[in-house]
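Undergrad: I'd like to ask some things about the structure below.
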Amino acid sequence: AIATGIRHMQSTGEMTAEVDATRAAAAMLAGIQGGVLLLLSTGRIDHLEAALDLAIDGLRRPRSPR
């Protein structure tokens with residue numbers, strides 16, 4: 001579902017087509033899972049928020065030429 005959302009954003013021009021949607025979705029899911037695990041063990045949401053904020057920011061940022 002995350003990869004589908006990324007691909008949709010690429011199709012509407014909200015995100016560059018250079019992003020590997022499958023890989024980006026896997027990284028985002030790992031961040032969510034890690035953030036939730038830390039939330040459950042510490043009672044703090046900081047880690048989950050940071051993972052999501054950085055992942056989303058990274059997807060929105062235009063890619064620089066190689």
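The values are calculated or read from the model by the stated rules, or taken from the named source; none is laboratory data. All values derive from a computational prediction rather than experimental measurement. Backbone-built Cβ (ideal geometry, glycine too); neighbour counts: all protein chains shown. Calculation scope for accessible area: heavy atoms of the full protein, side chains included, ligands and nucleic acids excluded. Shrake-Rupley method; radii C 1.70, N 1.55, O 1.52, S 1.80 Å.
Undergrad: Name, by its number, the condition in (1) open to solvent by less than 80 Å² (accessible area, probe 1.4 Å); (2) in contact with a helix residue (DSSP H, G or I) (Cβ under 7 Å, 6 or more places away or on another chain); (3) modelled with pLDDT of 90 or more that does not hold for Thr22.
TA: Here Thr22 meets the rest and fails (1).
Undergrad: Would you mind telling me which numbered condition in (1) surrounded by 13 or more Cβ atoms within 10 Å (Cβ to Cβ); (2) of a type in the set (A, V, I, L, M); (3) within 16 Å of Gly58 (Cβ to Cβ) Leu38 fails?
TA: Result: Leu38 passes all but (3).
Undergrad: Output the number of the condition that Met15 fails; it satisfies all remaining conditions of (1) hydrophobic (A, V, I, L, M, F, W, C); (2) free of Cβ contacts under 8 Å to residues at least 40 places away in the same chain; (3) open to solvent by less than 80 Å² (accessible area, probe 1.4 Å).
TA: (2)
Undergrad: Further question on the same structure: Looking at Ala55, is it modelled with pLDDT under 95 and either touching a strand residue (DSSP E or B) at 6+ places or on another chain (Cβ under 9 Å) or surrounded by 13 or more Cβ atoms within 10 Å (Cβ to Cβ) (or both)? Steps first, answer last, please.
TA: Values: modelled with pLDDT under 95: yes; either touching a strand residue (DSSP E or B) at 6+ places or on another chain (Cβ under 9 Å) or surrounded by 13 or more Cβ atoms within 10 Å (Cβ to Cβ) (or both): yes.
It is true that Ala55 is modelled with pLDDT under 95 and either touching a strand residue (DSSP E or B) at 6+ places or on another chain (Cβ under 9 Å) or surrounded by 13 or more Cβ atoms within 10 Å (Cβ to Cβ) (or both).
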